[in-house]
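Some notes on the structure that comes next.
The values are calculated or read from the model by the stated rules, or taken from the named source; none is laboratory data. For clarity, every value in this text was computed on a predicted model and none was experimentally measured. Glycine gets a Cβ as well: all are built from the backbone with ideal geometry, and neighbour counts include every protein chain shown. We work out accessible area using only protein heavy atoms, side chains counted, and drop any ligands, DNA or RNA first. Shrake-Rupley method; radii C 1.70, N 1.55, O 1.52, S 1.80 Å.
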Amino acid sequence: MITTTTTPMEGAILKLPIGLRTVNRVTNRSSTSLRWRSRPLHVSASAASTSTPLVDDPKLGPGSLGHITRPDFPILHQEINGSKLVYLDNAATSQKPTAVIKALQNYYEAYNSNVHRGIHYLSAKATDEYESARQKVANFINAGATEIIFTRNATEAINLVAYSWGLSNLKPGDEIIITIAEHHSAIVPWQIVAQKTGAVLKFVNLTEDEVPDVGQLRDILSRRTKLLVMHHVSNMLASVLPMDEVISWAHDVGAKVLVDACQSVPHMVVDVKNLDTDFLVGSSHKMCGPTGVGFLYGKSEILSGMPPFLGGGEMIADVYLDHSTYAEPPSRFEAGTPAIGEAIGLGAAIDYLSEIGMQRIHDYEMELGNYLYDRLSSVSDVRIYGPAPSRTVKRAALCSFNVKDVHPTDIATFLDQQHGVAIRSGHHCAQPLHRHLGISSSARASLHFYNTKDDVDRFIEALKDTIDFFTSFK
Amino acid sequence: MHCKHSSLPFPLTISSIPTKSNPQFPTKKPIFFTSLKNSSTFLTISLTPTKPNPQFYHKNPIFFTSAQYSANGGYSNSTSRTTKTNLSSVSCLITEEPPLDERLSVVDKVQSLSLEFRSLSEPIDRVKRLLHYASRLSPLNESSRLQENQVFGCTTRVWLEVRMDNKGYMRFRVDSDSEITKGFCSCLIWVLDGAKPEEIPSVTAEDFADMNVGLPKKGRSRVNTWHNVLFSLQNRTQDCVQERKRALSLEDPKGSEVGVK
């Protein structure tokens, strides 16, 4: 069990069990990122490896990161329809550790008050904690605090860029490049903006290995390209893109880049300075934080030149009857009362993740993700989408798949009702991608660091039983 | 006849003669619940099904009238009707075909359906019942699987045909690529097929809450496909009614069938 004490300036200091002796302090992101960069990410084990078979990998056995952290997540310890819950829908939303739940509860119990406006003790404390959370987000991705804008979620963050930056910077004929594997939130706002401005959307297809074709991307980048919108990690294909290279190519032609980091920030070290991205969005609820808050990172010089997105309180400097002047970023883009407790909860989530260490989380999830892939690919009549993992091909810890002649919704329903296994079925907000793959929907099992090898094993056995059932039924 | 469980509100019988024939149901005598009007048939419902093994389905008794559970484990779908059998493994049973002397209302059918699914205490048994009803639905032709027939806003694909017959009753046909969804839809059109147009809006999603198999009960969403099917069915019924009124206002003496795609 990880327990927490807090010092005001340095964030949470966790008393870790013996298995987690290394403490990564929140304040020193640059050295952490350098350490990450000096050890290129690669799949440390694969099905083709002659090293320890994944099924026997000690990193996945008792004492694994999943086993150690699992007690911190109360929601995982329940039964669903008579079976122990196996939660494998983390790409949709992650579960919250006790530390985050307590942070939220403590806010509402001890110092709930509106921020940035009151002069009493409660308001001052709420403001300090809210801004401390902003600093934590900034530190987490190696940004400046004024470059972090709190939004309702990543979708709102992308819409902010679309309506604020997009409407004032895009002209007829300008090109916006998007991949066909993007989440709807990274496609629809740009369709709307393109319609309003006359800009043109161009889409990058997939390679035969079912990853976005960065070669094609490089070919279609031109001086007409004004923006590139891309995911870092695909929520369906599990592909991981070489964003630093892609961003470099985009900048060479004068284009800006918006990175959808919803599936990367919760699972790996992400350093916006190293990436040199212009915008980056993330969701709190996918990184063990509360729902209702997300964030936009934008380079200071870009944010300074952007008009407001929403108008109202907090984002103004002065208001007259016939006009208003606006605050500097980030306040300019945070109209109205924010999700204060939720932002503070996000800060607590970042503390929790940081104390484990994002590199450690990533390494463990890579092992477990490969184990999931290996076990799932050994099940008959299962087709997994996205690239196969190897020493050179990175794959996130999720698998979207279909079972021959059985609808994914039927699979997911039976897994839930009979086995207490929670997976996702549908199009995962990636309809163009599904259409390209020739399918209407798919099932998806997605992991996080609190999942264990046992979870994967139970899922696979439940899936086999499910397939047997529907096969017999037909 | 009596039901074994004292909490049942009324005795039930299973009629093998539907109120109106629907070409989608493959057998000439599909199985439906009706409210009891005659005492010449009896039904026994076991409301205490054998506790299923949570791990493996084939250790669970299967609550289908036309299912054959193999003692060796495993499930086979037989279309043969069972007569009086070991009731510990069957929850619905046909013993006779009752004479049917009146048309069931939509309300009666909804109540019957709710009762049937409420009798299945384990969620997995509701899944299996839905799959059974799905198996009884013949697929739509490819010519009917058009985009204009597709119910939008669903995670599964559903095709719905809606038409009004010569006598002004509503007729429905449905198909889906998901067996569970097909099961829901099968029940839905059993309730509503042959109903008067004014009966169609009277049914709400909440009326089918007892059929729930893990789906959210409140609010419309993509996962509640059959909610979307119900809404689509109701909207398109309204379209049929409007179309019919327009046709009648032209004083078409034949009163031709009106279908809305």
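At-a-glance table
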{"read-out": "Identity of the residue in region A:387-427, open to solvent by 10 Å² or more (accessible area, probe 1.4 Å) and of a type in the set (G, A, S), that ends up nearest to the other protein chains (Cβ to nearest Cβ)", "value": "A:S425"}
{"read-out": "Neighbours by Cβ (under 8 Å, 6+ apart or cross-chain): first from region A:295-316, charged (D, E, K, R); second in a loop (DSSP other than H, G, I, E, B) and open to solvent by less than 50 Å² (accessible area, probe 1.4 Å)", "value": "A:K299/A:D278; A:E314/A:A327; A:E314/A:E334; A:E314/A:A335; A:E314/A:G336; A:E314/A:P338"}
{"read-out": "Of all residues making up region A:443-474, the number that are modelled with pLDDT under 95 and more than 11 Å from A:V406 (Cβ to Cβ)", "value": "1"}
{"read-out": "Top-ranked residue in region B:124-167 [being touching a Cys at 6+ places or on another chain (Cβ under 7 Å) and within 13 Å of chain A (Cβ to nearest Cβ); ranked as least open to solvent (accessible area, probe 1.4 Å)]", "value": "B:V158"}
{"read-out": "Flag for A:I467 being surrounded by 17 or more Cβ atoms within 10 Å (Cβ to Cβ), in a helix (DSSP H, G or I) and touching a strand residue (DSSP E or B) at 6+ places or on another chain (Cβ under 7 Å)", "value": "yes"}
{"read-out": "Any chance B:S121 is assigned to a loop (DSSP other than H, G, I, E, B), more than 9 Å from every other protein chain (Cβ to nearest Cβ) and over 16 Å from the mean Cα position of the chain (by Cα)", "value": "yes"}
{"read-out": "Any hit, region A:105-124, residues being under 23 Å from the mean Cα position of the chain (by Cα) and under 24 Å from A:A343 (Cα atoms)", "value": "no"}
{"read-out": "Residue check, B:F184 open to solvent by 30 Å² or more (accessible area, probe 1.4 Å) and either among the hydrophobic types (A, V, I, L, M, F, W, C) or under 21 Å from B:D210 (Cα atoms) (or both)", "value": "no"}
{"read-out": "Helices (runs of 4 or more DSSP H) wholly inside region A:61-174 that include at least 1 residues being open to solvent by 10 Å² or more (accessible area, probe 1.4 Å) and under 20 Å from A:S284 (Cβ atoms)", "value": "A:98-106, A:121-140, A:154-160"}
{"read-out": "Extreme residue, nearest to B:T156 (Cα to Cα), among residues of region A:432-464 that are within 11 Å of chain B (Cβ to nearest Cβ), open to solvent by 10 Å² or more (accessible area, probe 1.4 Å) and touching a residue at least 60 places away in the same chain (Cβ under 8 Å)", "value": "A:K464"}
{"read-out": "Number of the exception - A:G341 against (1) touching a helix residue (DSSP H, G or I) at 6+ places or on another chain (Cβ under 6 Å); (2) over 16 Å from A:K102 (Cα atoms); (3) open to solvent by less than 10 Å² (accessible area, probe 1.4 Å)", "value": "(2)"}
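To keep it simple, each residue is scored yes or no on (1) open to solvent by 10 Å² or more (accessible area, probe 1.4 Å); (2) at pLDDT below 95; (3) touching a Cys at 6+ places or on another chain (Cβ under 8 Å); (4) closer than 22 Å to A:K453 by Cα.
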residue: A:G347; (1), (2), (3), (4): no, no, no, no
residue: A:D351; (1), (2), (3), (4): yes, no, no, no
residue: A:E355; (1), (2), (3), (4): no, no, no, no
residue: A:Y364; (1), (2), (3), (4): yes, no, no, yes
residue: A:E367; (1), (2), (3), (4): no, no, no, yes
